[in-house]
Amino acid sequence: MTESQFRDKVKLALKKIPSCYFFKISDRFTAGLPDFLICLNGRFIGMELKVDYNKVTRLQAWVGEQIVNAGGRYLVLRWLNKKQLVEVQEGAFHKMAPLVHMDDLLAEVFTL
């Protein structure tokens, strides 16, 4: 699955979450910003998407730190093609689940 296909699946999952507003950053000129900016029950969340073992860039990590320092949350959602799993990381929190359970995984992460 490509990152754009993964992005579309994440968008569908986010649409199912009540009280969730999100915006997909699609501008190539805003390097470092998370793929999704989310407001959920008054909480700001930056979500970066990755496929396989692509890494977060230094700039993306810095932006994530700024979001966290300002009281928001920053998480990385990764699709692992070989394992057919979705992985979520937020600080020390790390969990994997099959794609069919991504809705449940996001709901669990957002309630932390």
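Worth a mention:
- Verdict on Glu65 being in contact with an Asp or Glu (Cβ under 8 Å, 6 or more places away or on another chain), among the charged types (D, E, K, R) and at pLDDT 90 or above: no
- Filter result for the condition that a residue is touching a helix residue (DSSP H, G or I) at 6+ places or on another chain (Cβ under 6 Å), of a type outside the set (Val, Ile, Thr) and within 20 Å of Pro18 (Cβ to Cβ), over Leu40, Leu75: Leu40
- Residue match in region 37-47 (condition: free of Cβ contacts under 8 Å to residues at least 40 places away in the same chain and farther than 15 Å from Phe110 by Cβ): no
- Qualifying positions in region 12-52 - among the basic types (Lys, Arg) and loosely packed, with under 14 Cβ neighbours inside 10 Å: Lys15, Lys16, Arg28, Arg43
- If you go through region 1-19 and keep only what is touching a residue at least 40 places away in the same chain (Cβ under 8 Å), more than 13 Å from the chain's Cα centre (by Cα) and within 22 Å of Ala107 (Cα to Cα), you end up with Lys16, Ile17.
- Complete set of residues in region 67-106 that are in a helix (DSSP H, G or I) and surrounded by 13 or more Cβ atoms within 10 Å (Cβ to Cβ): Ile67, Val68, Leu99, His101, Met102, Asp103, Leu105, Leu106
- Selection within region 25-36: residues that are out of contact with any Leu (no Cβ under 8 Å at 6 or more places or on another chain) and touching a residue at least 12 places away in the same chain (Cβ under 8 Å). The member of this set that is farthest from Pro98 (Cα to Cα) is Leu33.
- Here is the figure for region 1-34: residues that are of a type in the set (Ser, Thr, Tyr), assigned to a loop (DSSP other than H, G, I, E, B) and at pLDDT 90 or above total 0.
- The numbered conditions (1) within 12 Å of the chain's Cα centre (by Cα); (2) in contact (Cβ under 8 Å) with a residue 24 or more places away in the chain are all true for Val56 except (2).
- Complete set of residues in region 47-66 that are more than 20 Å from Lys16 (Cβ to Cβ) and in a strand (DSSP E or B): Glu48, Lys50, Val51
- Region 35-46 - residue that is assigned to a loop (DSSP other than H, G, I, E, B) and modelled with pLDDT of 90 or more and, of those, farthest from the chain's Cα centre (by Cα): Gly42
The values are calculated or read from the model by the stated rules, or taken from the named source; none is laboratory data. The shown structure was predicted, so the numbers you read here are calculated from the model rather than taken from an experiment. A quick note on method: Cβ atoms are made from the backbone with ideal geometry, for glycine too, and the neighbour counts reach across all protein chains shown.
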